[in-house]
Amino acid sequence: MTYGPVLHGLCHSPSPLTLSPSPRPASLPSTTTVRCSKSKGEEMPVVKAIRVHELGGPEVLRWEQVEVGEPKDGEIRIKNTAIGVNFIDVYFREGVYSAPLPFVPGMEAVGVVTAVGPGLTGRKVGDVVAYAGNPMGSYAQEHIIPASVAVPLPPSIDHNTAAAIMLKGMTAHVLLRRVFKVQSGDCVLVHAAAGGVGSLLCQWANALGATVIGTVSNEEKAAQAAEDGCHHVIIYTKEDVVTKVKEFTAGKGVNVVYDSVGKDTYKASVECLAGRGMLVSFGQSSGRPDPIPLSDLATKSLFVTRPSLMHYTATRDELLESAGEVFANVGSGVLRIRVNHTYPLSQAARAHADLQARKTSGSILLIPDDDA
């Protein structure tokens, strides 16, 4: 699922958490906040951030000073403590999704409120919040966002976990509980099963009582997928995905395919579906899929959808419900997040290069540099 332009609930137990503010951490990354004159009599806070001036590879991610400004009506300023890395950040950097240049990438983070806009109630300096989705710009030491997109972080969830699971977890929630409502007895196929979203999909679908088939590139990732609840794991570099799926399902196919890979997998995804099955395309890490002729769907009355997380968390109530279910499932142990890779924010280019080279598994975080 795309997260920006994009980007299903609780297993069988816990109700969504009451989202109460998390206590302020004992210490924060020290942001180099200087003052530079914007115009006569006016000063603007300046922080370090990653900025994109031209589209391209990881090398276009520049570490530089940016003006952060002061929050306006309905806004808050956040000092980020942990920032999530997602494939949508690559899509914007490469121009798959458009954004006016220059821009600061990043769609999720956790941080501490450092300033609130005039007249704003319900938020105060020192609150710890998580946010995911629009507006883009989390690859920064500080960032201004609408207060309406910030979710109070429960005290039981640490900053790194929340930054690693906020966007991916809500994506998994929407895919499993709203786009296609997985139920006990369903059979699901998850491509990139060891990835950030894939790992959560496997864990959650298993807890919902589904039979989970996952595809991965190597033995190490196969072991992780099995640990995350895959009943069957296909190493697609060695095995034919369609043949193995038919074998595991006695020729019937699966009820739903969750496909974040795109071009390299969509044909196999369609072939793996059972009658009246659904292909949920939520990413394109291998490139944009070729068009699918409607006649290809008619043979088994298939469904195809390309959902957007933002369309499913468009209201404040929907956002809080989705985040609450994610936090509840983390708290109950249904969802386990692996933060396998952390990089200084200044080295975001290396994080992107490793992500695209498939050198990573689980979640990737950027930690704001301490410039003190």
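The values are calculated or read from the model by the stated rules, or taken from the named source; none is laboratory data. Every value quoted in this text rests on a predicted model; they were computed, and no experiment measured them. Note that each Cβ is placed from the backbone with ideal geometry, even for glycine, and that neighbours are counted across all protein chains shown. Remember, those area values only see protein heavy atoms, side chains included, never the ligands or the DNA or RNA. Shrake-Rupley method; radii C 1.70, N 1.55, O 1.52, S 1.80 Å.
Some notes on this structure:
- For region 180-306, the fraction of alpha-carbon pairs in successive 5 Å shells from zero, as %: 2, 12, 24, 26, 22, 10, 3, 0
- Ordering of 315-321, 178-184, 266-272 by burial proxy (mean other Cβ atoms within 10 Å per residue, highest first): 266-272, 178-184, 315-321
- The chain - mean residue ellipticity at 222 nm from DSSP helices (-39,500 (n - 2.57) per run, n ≥ 4, rounded to 500): -7500 deg cm²/dmol
- Counting lysine pairs in region 180-306 whose alpha carbons fall under 19 angstrom apart, excluding pairs fewer than 8 residues apart on the same chain, gives 12.
- Stokes-Einstein D (µm²/s) once Rh is taken as the Kirkwood radius of the chain over alpha-carbon pairs, at 25 °C in 0.890 mPa s: 117
- Counting only heavy atoms of the protein chains and using a 1.4 Å probe, D73 has close to 120 Å² of accessible surface.
- The peptide list 347-355, 299-307, put in order of mean Cβ contacts within 10 Å with the highest first, becomes 347-355, 299-307.
- Dividing the mean sequence gap of close Cα pairs (under 8 Å, 6+ apart) by how many residues region 32-173 holds gives a relative contact order of 25 percent.
- Across all C-alpha atoms in region 104-150, the radius of gyration and Dmax reach 10.2, 29 Å.
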